[in-house]
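Quick note: the coordinates plus some simple rules give every number you see, no bench work behind them. Owing to the predicted nature of the structure, the values given are computational and were not obtained by experimental measurement. Virtual Cβ from ideal backbone geometry, glycine too; neighbours counted across all protein chains shown.
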Amino acid sequence: MNVFLTLVRRELGAAFNSLTGYVVVAITLLLAGFGLMDIVERLNSDRTPSPIPEIFFADGIVFWVTLILTTPVITMRTFAAEKALGTYEALMTTPVGEWQVVLAKFTGSLAFYLLSWAPLIGVLVVLRQVTHQPQLLDPWAMCGVLTGIACIGSTFLSIGVFASSLTRSQIIAAMTSLLIGIGLWTMSLRFSQTDTTGDRLGRLMDHLSVTHHMQDFARGVIDGRALVFHLSVTFFFLFLTQRVIEMRRWK
Amino acid sequence: MIEVRDLTKRYPGRTAVDGISFTVGRGEVVGFLGPNGAGKSTTMRILSSFMPATSGTVRIAGFDVFHQPDEVRRRIGYMPENNPLHIDMRVRDYLKFRARLKGLGIGRSRDRVDRVIEQCGLKDVEKRIIGQLSKGYRQRVGLADALVHEPDLIILDEPTIGLDPHQLRSVRALIKELGRQHTVLLSTHILTEVEMTCSRVLILNQGRILAADRVEDLESRFSQDGRVVAEIDATPEAIREAFRDLPEVASIEIQAAAGSFQRVALTPRAGEDLRTLVFEQVRQQEWNLRELTRPRLSLEDIFIQLTQKNKRGGL
C-alpha cells in the first residue's frame, strides 16, 4: 500500500514537473471560460433558464471537448515516456507488482484530472452567488456532475493508460486515445439523439451512450447502471494494460 | 551468487545469447567484456529478471529469476544501460523514491539514502534536479540507486560510458570500493576498465563466452611465448652472430630502428626469460642498449585475437 502511494505521488509529481501538466490545466481553464460565456449568455437571454449544470455539462460541448482533449495528454506520459527514457526498466526491476504499477499510474492520472477540474467548480459556485437564483445550481445536481466528471473521466483515462502501454511514443499514445475518445463521443451523440422507443438495439445503445449518462448526472440523477458501466469499462482497460505489460515482458 | 546454466535468448530472427554458462562467487568483481551487440545487456536484463530467457536457468543467491523474481529483485541492485533516471526529480527525492519502491520503510530509507549520498559523494548536489547534473554526477546517482537497498549483488550495464577522464576515474574508484563489500557484475567494452576494476573477466562475442578467467591468468595464457625485444646499437650481422649459438634462443628477428640501432626480437626455446641473457651479451660486446622489454599482451590484444579468431571460424 505504501509503495502504491509512493508511485501515485511520483505520477502526480511528474505531471506537475512537466510543461504538459500546466498545458492541461490551461486548456481546461480556457475551455471552462468559454463555457462560462455561454452560460452567462443563456442566463441573460432565456426567461426561464435551465439549471447551470445542464447548460454546461449536458447541452454544451465544452465539457466533452475538454474531456476528449485533456485525458489523452494526461495519460500519454504514463507508460510511453518511461519506456522511451528507459526508467521503465528501472521500475520493473524493483519488487513492485504489475498491478500496482498500472493502478498507480491510473490513480495518479485520475487525481491530476480531477485537480484540473477543480477551478471550474469554483467558477460555478461564484456563478451561483452572482445570479441569486439558487435553483439554478442545485447541490444534488452538483454532486451528480462531480460523479459524472469522475466516472466518465475514469473511462477515458483508462483508455489513455492502455494506449500509452502499447507504445514508447507519447504522440502515438495520445493520438490513439484521442481517436477512441472521439469515436466514443460521436457514437454516443448519434445514439442518444435517435428515437429509441421500441427498438431494442437502440435502447441498448442509449444505455451505453456516455452523453446520455452525463445528461442524467447533470440533472442530479446518479444512475447505478451508468456507474457500473463506467467502472467496468475502466477495469476492463486497466486489465488489458496489465496484460500488455505482462505480455511485453515475457515475450 | 550467480549461477547461469545454458542460458539462451532468441529474438525473432536473431540469437542474442547462445547457451552460455558461468558462475560468479560471493565477493567477486566480474567484468563482462564484449563488442557492441555481443549479448551483454541481454544477459544482464535476464539476470535482473527484467525479461525471461528462451531457455536455460539463472539462479541468483539461490533464487530462480523466472520463478521467484521478487526475491531476486530484492537482492539485486541493477543499473540499466544508459543509466535512466527521472530527470525532473531532485537527487535526494529520487533516491528516497527508489528506496521506497525497493521495499524499504520510511525511516530505513531515510537512513540508507543518507548513507549512499555520502558513499557516492553526492552531498553537494543532493538538493539539485537530476536533469541539471553533469553526466559524472548522474552516474553516481545511478550507482547510489543500485546500492540503496543494500543488495547482495550489483549489476551495472556500462557504468562508465560517456564520462570524461576525471569522472571516469572517480566512478571506477567507486566501483572498486563497492567490490570490497558486494558482488559486482559489470559490463563494458573498455578493456582497461576490466583490468583496473575486475578480478575476473568473461569475454562475450556473438552470444557466446569466448574466455572466462582471472585477468592475470588470461594474460599469461595468451602472452606471446615470452618474446623479448631489445634495441641495440650494432650491425645486424654482429647481433645475429652473438645470439646464434645460444641454446636458449629459438629464433631471432632483426629490423632496422631509428638511428644506427636495430630492433631485435628473440623467442626463447622453452619459455625462459631471456632478458638477463640479452643484457649479458650486450655488456660483453660493449654495445649500446636503449630498450629491453618483454611485451605483455594486454587484454586488448587478447580480446582482438579472440574475437577475430571467432569471426574467421564463423566464415
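Working from label points 7 Å from Cα in the Cα-to-Cβ sense, the B:Glu195 to B:Asn82 distance is 3.1 nm.
Within the shell of other residues whose beta carbon sits under 14 angstrom from the beta carbon of A:Met76, the net charge comes to +2, with Lys and Arg scored +1 and Asp and Glu -1.
For region B:143-220, applying the loop criterion from DSSP together with a ceiling of 13 other beta carbons within 10 Å to the trypsin sites (Lys or Arg not before Pro) yields B:Arg180. Fully extending the segment from A:Asp138 to A:Val65, taken as 0.36 nm per residue of separation minus the present Cα-Cα distance, adds 23.9 nm. In this structure, A:Leu201 and A:Met37 have a Cβ-Cβ separation that, at R0 = 35 Å, corresponds to a calculated FRET efficiency of about 0.35.
Remark: relative contact order (region B:228-293) = 47 percent; criterion is Cα-Cα distance under 8 angstrom and separation of 6 or more residues. Backbone phi angles across region A:162-178, fed through the Karplus curve with coefficients 6.51, -1.76 and 1.60 (θ = phi - 60°), yield HN-Hα couplings of 4, 4, 5, 6, 7, 9, 9, 9, 5, 5, 4, 4, 5, 5, 4, 5, 4 Hz in residue order; Gly and Pro are listed as x. Among the trypsin sites (Lys or Arg not before Pro) in region A:213-250, none is located in a DSSP loop while being surrounded by at most 16 other Cβ atoms within 10 Å of its own Cβ. Per residue, chain A reaches -27000 deg cm²/dmol at 222 nm when only DSSP H runs of four or more residues are counted, each adding -39500 (n - 2.57). Based on Cα contacts under 8 Å between residues 6+ apart, region A:2-249 shows a relative contact order of 27 percent. Under 18 Å from a label point 7 Å along Cα→Cβ of A:Arg248: give me every residue in region B:23-45 with its amide N that close. Only B:42, B:45 pass the distance filter. For chain B, adding -39500 (n - 2.57) for each run of n ≥ 4 DSSP H residues and dividing by the number of residues yields -11000 deg cm²/dmol at 222 nm. Among the chymotrypsin sites (Phe, Trp or Tyr not before Pro) in region A:150-251, those placed in a DSSP loop whose Cβ has at most 16 other Cβ atoms within 10 Å are A:Trp250. Here the Karplus curve 6.51 cos²θ - 1.76 cosθ + 1.60, taken at θ = phi - 60°, turns the phi angles of region A:225-236 into couplings of 5, 5, 4, 4, 4, 5, 5, 5, 4, 4, 4, 4 Hz, with x standing for Gly and Pro. Taking each of B:Lys102/B:Lys127; A:Lys105/B:Lys123; A:Lys105/B:Lys9; A:Lys105/B:Lys127; A:Lys105/B:Lys176; B:Lys40/B:Lys123 in turn, the alpha-carbon distance tops 28 angstrom for A:Lys105/B:Lys123; A:Lys105/B:Lys9; A:Lys105/B:Lys176; B:Lys40/B:Lys123.
In this label model, B:Asp152 and B:Arg180 are separated by 2.3 nm, measuring between points 7 Å along each Cα→Cβ vector. Per-residue extension of 0.36 nm, minus the Cα-Cα distance of B:Gln255 and B:Ala173, leaves a gain of 25.3 nm for this segment.
Modelled spin labels at A:Leu231 and B:Glu248, positioned 7 Å past Cα toward Cβ, are 9.0 nm from each other. Evaluated with a Cβ-only charge set (Lys, Arg +1; Asp, Glu -1), region A:1-134 carries a dipole of roughly 240 debye about its Cα centre, given to the nearest 20. For A:Lys83, the aspartates and glutamates whose Cα comes closer than 16 Å to its Cα, not counting residues fewer than 8 places off in the same chain, are A:Glu11, A:Glu98, A:Glu246, B:Glu81, B:Asp88. Short-range pairs are left out: with C-alpha atoms under 8 Å and at least six residues apart, the relative contact order of region B:2-221 is 29 percent.
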